[in-house]
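See structure below.
The values are calculated or read from the model by the stated rules, or taken from the named source; none is laboratory data. In this text, all values refer to a predicted model and were calculated from it rather than measured experimentally. Cβ atoms come from the backbone with ideal geometry, glycine included; neighbour counts cover every protein chain shown. Quick note on the areas: whole protein, heavy atoms, side chains included, nothing else; ligands and nucleic acids left out. Shrake-Rupley method; radii C 1.70, N 1.55, O 1.52, S 1.80 Å.
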Amino acid sequence: MTNIEWTARSLAHVWHPCTQMQDHAGGDAANIPLIPIAKAEGVWLEDYEGRRYLDGVSSWWTNIFGHRHPHIVASLKDQLDTLDHVIFAGFTHQPAVELAERLVKLAPPGLDRCFFADNGSAAVEVALKMSFHYWRNVGKPQKTRYIALTGGYHGETLGALAVGHTGLYRDTYASLLLQPIHVPSPDCYERPAGESWEDYTRRRFADMEAVLAQHAHEACAVILEPLVQCAGGMRMYHPIYLSMLREACDRHGVHLIADEIAVGFGRTGKMFACNWAPQKTGPNGITPDFMCLSKGITSGTLPLAVTLTRDAIYQAFYDEYRAGKAFLHSHSYTGNPLACRAALATLDVFEKQDWMARVRLLGQFLWSATASLRSHRYVAEVRQQGLILAVELARRPQTREAFPAAERRGLRAYRHALATHKDFGVLLRPLGDILYFMPPYVIEPREVEAMARIACEAIDYATQDD
Ligand code: PMP
């Protein structure tokens, strides 16, 4: 079968996510060509005609150790020979037990309990429901609202969508959603010229403090993406926000939910982004009341998510059956043994070398390789945390005036990076006019350079005047 044949069959019956399907109409000439992938290895995807694509976004930020990592593949094959799946209510199994034990050791201290689900949005739903239910179980049923940041993204099921604030995904469904209290994000792209990230982030915290003071009596939890608001445009802020938020949540009696689904497992150069939060004394890091994990947890091999929480929260649900306090959230594939085994194998890979050092080093390569973009005529900002580097295109960088959205500049860059180079393409899936790199940690420095070079060409092409 050729690319064209697979594409035609796909378009006949498949409805793809995050896509206006008409953009795929017209084959190669489509706004967004649909690319059928036959196989993958490491950082490379390959289509049915042998063209290779460097996966610069780790397939929606999941494949931290690249595709088909040999140890993960071998572990999964072994698991398939013993236990595929079993109902997780009333039954347990080795992969889930071991995974919970290892995650608790790895997580910020005090997160002792793991609740399994099978995708990131579900992990967020679990945290939201658990927080609400906790307050109800301890006699505070009036705590029913959530506090979240503008520009946040937490998934697309209705609860997760409600606490997010990314218009593209949320606006259509607004009338169906819970009404959280949105607080202006500390997003440092918005800071005045000359102000440091830290000063701006500290200053922005005043809004959060005011909302907590006003709404703590009715609020269950604050939810946020630590350090990087990913789907909202890879907008970044200083970790001091996390330290200040932890202190304020404690003071006001409101839970803190850290959505580490995109940034967890080393992406920012520490195992969890919460680990960066500076402390006046002792080591850096905060412990949220709930931490949501998914994506990198299986290195992109199988769907899995975990919501970790504190023992004190668990204890508020632990009672006689007739007290009716149990947490009843359930998904059929909860704790799937294959997915848990893939996660265990991912943790094994973490233990084999100092990946955090590698992520930081690769981050430096990426920063150097994209140097020319920092003075590009149409680039308003290049920002970075660990192995996430984002390039914000703008018509007038000085005033931060964006290109008209209808011009779809980011999409032009996307197409160029995929198709123009004769030997291979680069998969960079921009968020509007924000191009970003979020490659697997196994990428080689020469591949970082190639990826950056092709991206720079694509940006030049996309920002040419018509
Ligand atoms: N939270 C964050 C921070 C995310 O980036 C995502 C996915 N992009 C989600 C939640 C939702 O995860 P999923 O797509 O697996 O539902």
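Taking the conditions exactly as written (open to solvent by 70 Å² or more (accessible area, probe 1.4 Å), touching a helix residue (DSSP H, G or I) at 6+ places or on another chain (Cβ under 9 Å) and in the same structural domain as E41 (by TED's automatic domain parsing)), does T399 satisfy them or not? Against the criterion (open to solvent by 70 Å² or more (accessible area, probe 1.4 Å), touching a helix residue (DSSP H, G or I) at 6+ places or on another chain (Cβ under 9 Å) and in the same structural domain as E41 (by TED's automatic domain parsing)), T399 does not qualify. Residue check: is Y173 out of contact with any Asp or Glu (no Cβ under 6 Å at 6 or more places or on another chain), among the hydroxyl-bearing types (S, T, Y), open to solvent by 40 Å² or more (accessible area, probe 1.4 Å) and within 16 Å of the ligand (Cβ to nearest atom)? Yes, satisfied. Selection of region 242-268 for residues being closer than 24 Å to L431 by Cβ and either within 13 Å of the ligand (Cβ to nearest atom) or surrounded by 24 or more Cβ atoms within 10 Å (Cβ to Cβ) (or both) yields L242, I257, A258, D259, E260, I261, A262, V263, G264, F265, R267, T268. Would you call T334 modelled with pLDDT of 95 or more, assigned to a loop (DSSP other than H, G, I, E, B) and closer than 30 Å to V442 by Cα? Criteria met by T334. A Cβ distance below 9 Å, combined with a sequence gap of six or more or placement on separate chains, defines the contacts here; from region 303-324, residues that are within 26 Å of I286 (Cα to Cα) and β-branched (V, I, T) reach residues that are away from the ligand (no atom under 16 Å from the Cβ) and open to solvent by 50 Å² or more (accessible area, probe 1.4 Å) in the pairs T307/R113; T309/D112; T309/R113; I313/R113. A127 meets each of the listed conditions (1) open to solvent by 20 Å² or more (accessible area, probe 1.4 Å); (2) part of a helix (DSSP H, G or I); (3) modelled with pLDDT of 95 or more apart from (1). Scoring I223 on the criteria (1) under 24 Å from the mean Cα position of the chain (by Cα); (2) farther than 29 Å from G253 by Cβ leaves a single failure, condition (2). Search region 278-307 for residues being β-branched (V, I, T) and open to solvent by less than 30 Å² (accessible area, probe 1.4 Å), and hand back the single one that is nearest to Y333 (Cα to Cα). For region 278-307, the residue satisfying everything is V306.
Determine, yes or no, whether R68 is over 24 Å from the mean Cα position of the chain (by Cα) and under 30 Å from G233 (Cα atoms). Considered against the rule, which asks whether it is over 24 Å from the mean Cα position of the chain (by Cα) and under 30 Å from G233 (Cα atoms), R68 comes out as no. Among the residues making up region 23-50, those that are surrounded by fewer than 17 Cβ atoms within 10 Å (Cβ to Cβ) and either more than 18 Å from R429 (Cβ to Cβ) or of a type in the set (D, E, K, R) (or both) are D23, A25, G26, G27, D28, A29, A38, K39, E41, E46, E49, G50.
If you go through region 83-127 and pick out every residue that is out of contact with any Leu (no Cβ under 7 Å at 6 or more places or on another chain) and within 15 Å of the ligand (Cβ to nearest atom), you end up with 10.
Which of the residues belonging to region 405-463 are under 19 Å from the mean Cα position of the chain (by Cα) and without any contact (Cβ under 8 Å) to a residue 24 or more places away in the chain? If the condition is that a residue be under 19 Å from the mean Cα position of the chain (by Cα) and without any contact (Cβ under 8 Å) to a residue 24 or more places away in the chain, then P430 is the only one that fits. When only residues in region 128-154 that are among the small types (G, A, S) and within 17 Å of I181 (Cα to Cα) count, which is farthest from the ligand (Cβ to nearest atom)? Residue satisfying both the conditions and the ranking: S131. The criterion of at least 3 residues that are in contact with a Ser or Thr (Cβ under 7 Å, 6 or more places away or on another chain), of a type in the set (G, A, S) and at pLDDT 95 or above is met by none of the strands (runs of 3 or more DSSP E) falling completely within region 146-264.
In region 136-145, the qualifying residues are those that are part of a loop (DSSP other than H, G, I, E, B) and among the charged types (D, E, K, R), and the one that is nearest to K325 (Cα to Cα) is K140. Of all positions in region 369-377, none carries a residue that is over 30 Å from D465 (Cα atoms), modelled with pLDDT of 95 or more and surrounded by 20 or more Cβ atoms within 10 Å (Cβ to Cβ).
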